[in-house]
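Structure first, then comments.
The values are calculated or read from the model by the stated rules, or taken from the named source; none is laboratory data. Bear in mind the structure is a predicted one, so any value in this text is a computation, not a measurement. Neighbour counts are summed over all protein chains in view; Cβ atoms, including those assigned to glycine, are modelled from backbone coordinates with ideal geometry.
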Amino acid sequence: MRRAAYETWVRPRIESGRYVGCFAVHGDRVVGGAGAVLLDWGPTRSNPGGEMARIVNVFTDEAVRRQGIARALLEAVMQHCEGLGVREFNLGATPDARGLYGALGFESYPAEMRRRVTLPT
């Protein structure tokens, strides 16, 4: 159910160029991926262009982790976004991925907060 909903959501964003993504393929198998959703965030002092990229869907097959695949995919996605004028990136990081993201210039941003509304079931 969740995958079908995501496919429905992401398809028009890919077609419109609002989603940028790359895959790593070994033989006939996808072994890694990374993407970015381009967000119209509005201009700020630090980002006068107003567009932000949210890094999403970063994964590497367990059998080929720690070989630079995720890093190469992320660099390609970010370079493409920068070519479109994006100057600000954000993401949610698992503890295992923080080292990789830190090496790519991401910094912790502890001031952010989140509120989720739970819908009745």
message: Consider the stretch 12-26. How many of its residues are among the charged types (D, E, K, R) and either surrounded by 17 or more Cβ atoms within 10 Å (Cβ to Cβ) or in contact with a strand residue (DSSP E or B) (Cβ under 9 Å, 6 or more places away or on another chain) (or both)?
response: 2
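Conditions tested, residue by residue: (1) more than 18 Å from residue 33 (Cα to Cα); (2) assigned to a helix (DSSP H, G or I); (3) of a type in the set (A, V, I, L, M); (4) in contact with a helix residue (DSSP H, G or I) (Cβ under 8 Å, 6 or more places away or on another chain).
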{"position": "66", "(1), (2), (3), (4)": "no, no, no, no"}
{"position": "72", "(1), (2), (3), (4)": "no, yes, yes, no"}
{"position": "82", "(1), (2), (3), (4)": "yes, yes, no, no"}
{"position": "93", "(1), (2), (3), (4)": "no, no, yes, yes"}
{"position": "100", "(1), (2), (3), (4)": "no, yes, yes, yes"}
{"position": "110", "(1), (2), (3), (4)": "yes, no, no, no"}
{"position": "113", "(1), (2), (3), (4)": "yes, no, yes, no"}
{"position": "117", "(1), (2), (3), (4)": "yes, no, yes, no"}
- request: Being under 13 Å from the mean Cα position of the chain (by Cα) and either surrounded by fewer than 14 Cβ atoms within 10 Å (Cβ to Cβ) or under 19 Å from residue 47 (Cβ atoms) (or both) is the filter here, so list the residues in the stretch 67-85 that pass it.
  value: 77, 78, 79, 80, 81
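Yes or no, residue by residue, for (1) touching a Phe, Trp or Tyr at 6+ places or on another chain (Cβ under 6 Å); (2) hydrophobic (A, V, I, L, M, F, W, C); (3) modelled with pLDDT of 95 or more:
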position: 5; (1), (2), (3): no, yes, no
position: 34; (1), (2), (3): no, yes, yes
position: 50; (1), (2), (3): yes, no, no
position: 70; (1), (2), (3): no, yes, yes
position: 84; (1), (2), (3): no, yes, no
position: 90; (1), (2), (3): no, no, no
query: When you scan the stretch 27-57, how many residues do you find that are touching an Asp or Glu at 6+ places or on another chain (Cβ under 8 Å) and of a type outside the set (Val, Ile, Thr)?
result: 12
query: Limited to the stretch 27-50, what total is found for residues that are surrounded by 18 or more Cβ atoms within 10 Å (Cβ to Cβ) and out of contact with any Lys or Arg (no Cβ under 7 Å at 6 or more places or on another chain)?
result: 5
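Give the residues of the stretch 34-51 that are of a type in the set (A, V, I, L, M, F, W, C) and under 11 Å from the mean Cα position of the chain (by Cα), sorted by residue number.
Residues of the stretch 34-51 of a type in the set (A, V, I, L, M, F, W, C): 34, 36-39, 41.
Of everything in the stretch 34-51, those that are of a type in the set (A, V, I, L, M, F, W, C) and under 11 Å from the mean Cα position of the chain (by Cα) turn out to be 34, 36, 37, 38.
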- prompt: List the pairs whose first member sits in the stretch 41-52 and is in contact (Cβ under 8 Å) with a residue 24 or more places away in the chain, whose second member is surrounded by 14 or more Cβ atoms within 10 Å (Cβ to Cβ) and of a type in the set (Phe, Trp, Tyr), and whose Cβ atoms are under 6 Å apart, counting only residues at least 6 apart or on separate chains?
  reply: 52/41
